[in-house]
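> My questions will all concern the structure given below.
The values are calculated or read from the model by the stated rules, or taken from the named source; none is laboratory data. Remember, predicted model here, so these are calculated numbers, not experimental data. Cβ placement follows ideal geometry from the backbone for every residue including glycine, while neighbour counts extend to all protein chains displayed.
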Number of protein chains: 2
Amino acid sequence: MRVAAPYLMFLGDVPDQLAAKTAQGIVDWRPEWCLGQLRLPGCQADLGIADMTIASAVAHGARTMIIGVANAGGVLPDHWTEVIVAAIEAGLDIASGLHARLASKPAIRAAAEAHGRQLTDVRHSTETFATGKGTKRPGLRLLTVGTDCSVGKKYTALALEKAMRARGLDADFRATGQTGVFISGRGVAIDAVVADFISGAVEWLAPAAAPGHWDLIEGQGSLFHPSFAGVSLGLLHGAQADAFVICHEPTRRTMRGVAHPLPTIADVIDLTMRCGALTNPDIRPVGIAINTEKLTPDAAAALIEETERAHGLPTTDPIRFGVEGIVDRLVAEFPHSARA
Amino acid sequence: MRVAAPYLMFLGDVPDQLAAKTAQGIVDWRPEWCLGQLRLPGCQADLGIADMTIASAVAHGARTMIIGVANAGGVLPDHWTEVIVAAIEAGLDIASGLHARLASKPAIRAAAEAHGRQLTDVRHSTETFATGKGTKRPGLRLLTVGTDCSVGKKYTALALEKAMRARGLDADFRATGQTGVFISGRGVAIDAVVADFISGAVEWLAPAAAPGHWDLIEGQGSLFHPSFAGVSLGLLHGAQADAFVICHEPTRRTMRGVAHPLPTIADVIDLTMRCGALTNPDIRPVGIAINTEKLTPDAAAALIEETERAHGLPTTDPIRFGVEGIVDRLVAEFPHSARA
């Protein structure tokens with residue numbers, strides 16, 4: 001799944017900033033790709049970038065209009081169709097994170113066919129994958145894993161990409177969720193793949209590479225989540241992870257959407273090592289990322305210090321304190337990591 | 001996914017008996033549902049049941065014509081269309097195990113619409129599932145797990161159903177693969193479900209039941225298979241298995257389709273206990289089923305005895321020696337198992 005940059009960010013008339021969370025994530029991580037925002041009358045979200053017409057976006061070189069908003073029910077409102085058709089007619093591809101497929105609107109489908117433009121629904125996989133083979137491939141891979149869903153796995157992988165590239169290392173973020181696909185311009189929404197092809201899709205996503213190149217693969221779910229552990233295991237096997245970072249949210253009491261308690265960080269390290277060894281016997285943890293947003297600075301610092309001591313792994317909150325310690329460990333453990 | 005019995009078995013003009021393996025499995029396990037076979041000129045397969053015309057099948061009460069044959073490429077040959085359309089016009093539903101969808105042929109789709117008949121492609125899931133919740137539900141569940149794919153998991157679950165019912169126990173086979181769906185008339189091809197819904201689909205397949213009722217759930221893949229372990233883990237979590245039987249093929253050296261060696265039976269017991277405990281802390285092994293087809297009778301008996309001693313679990317080859325020992329253990333371990 002590929003999305004051509006740069007982007008015009010379409011916000012429609014969503015009622016609040018939260019509905020534009022995906023779009024905001026794209027602007028945060030790829031400001032250079034986000035030429036401007038297109039808002040309809042009544043829109044209550046603002047990405048803090050220039051308002052822009054379709055014509056102006058095209059004149060500035062835009063390739064794709066991104067529908068990076070959440071909507072009640074994930075539907076595509078009828079009154080957005082006209083703008084989307086106009087964007088297609090002006091030469092833009094359309095990429096959407098909604099549940100509803102773009103082509104479900106006949107006018108949009110017809111315009112795309114007539115003008116030869118690409119419609120991409122990042123929540124729906126159209127790629128045909130092979131089943132995973134588990135054959136060791138060259139290149140280095142790091143996977144972010146979690147004690148739960150939504151604990152910072154995407155953020156941590158992106159922060160590692162940024163920090164590693166700043167040191168001149170050859171590293172690429174690999175997206176496995178819709179926001180990540182928009183941010184990296186390619187990837188696969190792994191939870192939308194047919195079950196037989198989970199690990200195969202990850203083998204496609206993070207293919208053989210130069211020996212010192214790092215793929216930083218966005219994890220999904222948790223091996224301990226009763227809804228999604230199958231996805232997490234297929235991801236781990238397909239990634240053939242050399243290294244993993246455990247992501248955790250310390251104030252959560254039950255796993256997202258279910259009544260199960262969170263596993264401990266030690267549980268996650270242990271089961272990830274055990275299952276990951278199937279496709280990479282040398283798998284090892286290289287750091288812990290704790291989302292301390294709900295803690296005071298003192299409490300956050302204390303928890304991080306305590307966790308680092310307990311596990312002997314560099315521990316941080318990537319948002320508050322960066323990920324330099326984890327990169328230090330990574331370079332020390334994998335001295336053949338290459339410069340770009 | 002439901003398939004209405006009884007069946008007319010369509011064999012087309014397949015070139016050999018192996019191509020009719022699925023159809024043969026249905027006849028073996030549900031002879032009372034298979035009224036007759038319909039073969040085209042040149043067909044080299046024979047299910048050993050009466051040849052029957054569509055009209056005669058309808059007169060005998062047939063509800064569905066089953067396309068239970070494998071074909072080069074899984075395609076639906078053009079010259080089968082006419083017969084399929086005739087069956088629809090005569091009032092039969094059609095259920096197919098081919099990769100190609102029945103509705104991909106306009107004539108078949110049109111006939112089904114015109115006559116209000118159901119087209120079922122058991123390899124493709126159309127059901128919409130919820131994500132798994134992991135909430136403990138009443139009823140007892142047994143899952144067959146494996147050291148690999150294709151080691152007898154379906155056969156073992158069906159043999160257990162037969163033996164348990166013969167003792168008057170309240171037990172139902174639950175199908176997770178295409179042949180199993182035809183055999184039980186309902187089920188879900190779990191490897192065709194979107195990854196996010198693996199465990200949810202199994203919660204649907206084996207729902208809350210009477211406290212002493214057994215669901216005997218057909219396993220898929222292996223927790224140690226680098227292609228399919230995600231499916232196996234989601235299946236285990238969704239099943240909330242109280243009991244499991246380990247299935248094994250002792251002469252295989254590498255896992256099906258990949259270069260990985262097989263895990264040991266002890267490995268499978270250990271990881272199944274560990275991961276299964278997430279949704280059922282009381283999970284336990286109750287038997288081992290070894291496919292000894294490639295061993296001499298003496299070698300088979302010796303291996304079974306040795307395996308039984310090593311693991312302290314009733315061990316058998318279900319085909320050669322039945323599954324009574326496993327049922328004995330099941331009833332002893334779960335004295336509240338109910339009579340039908």
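> List pairs: first in segment B:188-210 and over 10 Å from residue B:128 (Cα atoms), second among the acidic types (Asp, Glu), Cβ under 6 Å, 6+ apart or cross-chain?
Filtered contacts from segment B:188-210: B:191/A:196; B:195/A:191; B:196/A:191; B:206/B:215.
> Looking at (1) within 14 Å of chain B (Cβ to nearest Cβ); (2) under 19 Å from the mean Cα position of the chain (by Cα); (3) more than 21 Å from residue A:311 (Cα to Cα); (4) touching a residue at least 60 places away in the same chain (Cβ under 8 Å), find the lone condition where residue A:280 falls short.
Every condition holds for residue A:280 apart from (2).
> List the helices (runs of 4 or more DSSP H) that sit entirely inside segment A:122-210 and contain at least 3 residues that are of a type in the set (D, E, K, R). Before you say what the answer is, go through the steps one by one.
Numbers: elements: A:153-166, A:178-184, A:198-205.
Passing ranges, in order: A:153-166.
> Just checking, which of A:257, A:287 is surrounded by 15 or more Cβ atoms within 10 Å (Cβ to Cβ), of a type in the set (Gly, Ala, Ser) and within 14 Å of chain B (Cβ to nearest Cβ)?
Only one candidate qualifies: A:257.
> Are any residues in segment A:124-162 surrounded by fewer than 20 Cβ atoms within 10 Å (Cβ to Cβ) and in contact with a Leu (Cβ under 7 Å, 6 or more places away or on another chain), and if so, which ones?
Those that are surrounded by fewer than 20 Cβ atoms within 10 Å (Cβ to Cβ) and in contact with a Leu (Cβ under 7 Å, 6 or more places away or on another chain): none in segment A:124-162.
> Quick test for you: out of B:19, B:50, pick the one residue that is assigned by TED's automatic domain parsing to the domain that holds residue B:82, touching a residue at least 24 places away in the same chain (Cβ under 8 Å) and out of contact with any Cys (no Cβ under 9 Å at 6 or more places or on another chain).
Within the list B:19, B:50, the selection yields B:19.
> Further, regarding this structure: Evaluate segment A:146-155: report whether one residue or more is among the aromatic types (Phe, Trp, Tyr), touching a residue at least 24 places away in the same chain (Cβ under 8 Å) and in the same structural domain as residue A:320 (by TED's automatic domain parsing). Before the answer, list the steps.
Taking segment A:146-155 as the starting set, the residues that turn out to be among the aromatic types (Phe, Trp, Tyr) are A:155.
Cutting the leftovers down to touching a residue at least 24 places away in the same chain (Cβ under 8 Å) gives us A:155.
When the remaining residues are screened for being in the same structural domain as residue A:320 (by TED's automatic domain parsing), the result is A:155.
So far as segment A:146-155 goes, yes, one or more of its residues are among the aromatic types (Phe, Trp, Tyr), touching a residue at least 24 places away in the same chain (Cβ under 8 Å) and in the same structural domain as residue A:320 (by TED's automatic domain parsing).
> Suppose the filter is surrounded by fewer than 18 Cβ atoms within 10 Å (Cβ to Cβ), outside the structural domain of residue A:162 (by TED's automatic domain parsing) and free of Cβ contacts under 8 Å to residues at least 24 places away in the same chain; does residue A:86 pass it?
no
> Taking residue B:76 and the conditions (1) more than 22 Å from residue B:99 (Cα to Cα); (2) not in a helix (DSSP H, G or I), which numbered condition does it fall short on, given that it satisfies the others?
(1)
> If you don't mind, another one. I want to confirm something. Restricting to segment A:25-38 and keeping residues that are part of a helix (DSSP H, G or I) and either small (Gly, Ala, Ser) or in contact (Cβ under 8 Å) with a residue 40 or more places away in the chain (or both), which single residue is nearest to residue A:4 (Cα to Cα)?
Ranking the qualifying residues of segment A:25-38, first place goes to A:33.
> Ok, one more. So which pairs qualify, if the first residue must be in segment B:223-242 and without any contact (Cβ under 8 Å) to a residue 12 or more places away in the chain, the second must be of a type outside the set (Gly, Ala, Ser) and crowded, with 24+ Cβ neighbours inside 10 Å, the Cβ gap must be under 6 Å, and the two must be at least 6 apart or on different chains?
Going by the 6 Å Cβ cut-off, the qualifying pairs are B:229/A:233; B:229/A:237; B:229/B:223.
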